[in-house]
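Comments concern the structure below.
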Amino acid sequence: QVQLVESGGGLVQPGGSLTLSCAVPGSIFSIVPLGWYRQAPGKQRELVASITTGGTTNYLDSVKGRFTISRDSSKNTVSLQMNSLAPEDTAVYYCNKVGASFFAWGQGTQVTVSS
């Protein structure tokens, strides 16, 4: 079973920054597109950013220009740099593959944006 491990969340003030990281098994890192998802209380999980194996990225409109997704093949990690954070970015963030099916969801990492 594929296990994805997210880290890097925390409490940050509005306008602040955080970088999330996801450790991906080496056996799948280079063969699947990956993405960061988030789920806020009472809301459905949504895809925030994705990156293909070739490095093409896509973003949710509300995070364009503020978030940057990247992948590091030397470490088998996918990261999400988040700048200019706003209270509406508060959610549990998860990484997973992008597509019609998913790996088992990890525990995610909590991001709370509050003054």
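The values are calculated or read from the model by the stated rules, or taken from the named source; none is laboratory data. This structure is a prediction, so every number in the text was calculated from the model and none was measured. A quick note on method: Cβ atoms are made from the backbone with ideal geometry, for glycine too, and the neighbour counts reach across all protein chains shown. Accessible surface is based on the protein model in full, side chains and every heavy atom, while ligands, DNA and RNA are left aside. Shrake-Rupley method; radii C 1.70, N 1.55, O 1.52, S 1.80 Å.
A compact table of results
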item: Debye log10 I(q)/I(0) for the range 50-114, one point scatterer per Cα, at q = 0.20, 0.28, 0.29 Å⁻¹; result: -0.97, -1.44, -1.44
item: Accessible area (Å², per residue) of the chain, counting only protein heavy atoms and a probe of 1.4 Å; result: 52 Å²
item: Sulfur and carbon atoms: percent of accessible area, the chain [1.4 Å]; result: 48 percent
item: Candidates Gln13, Gln44, Gln81, ranked by Gaussian network fluctuation over the chain, Cα under 10 Å, top entry; result: Gln44
item: Cross-link partners of Lys43 among lysines (Cα-Cα below 28 Å; sequence separation of 8 or more within a chain); result: Lys64, Lys97
item: Environment charge at Ser114 (Cβ cut-off 15 Å; Lys +1, Arg +1, Asp -1, Glu -1); result: -2
item: Neighbourhood charge, 12 Å Cβ-Cβ cut-off, centred on Pro33 and excluding it, Lys, Arg +1 and Asp, Glu -1; result: +2
item: Along each principal axis, Cα extent of the chain, largest first, Å; result: 41, 26, 23
item: Cβ crowding within 10 Å averaged over residues, with 18-28, 54-64, 85-95, 100-110 ranked highest first; result: 85-95, 18-28, 100-110, 54-64
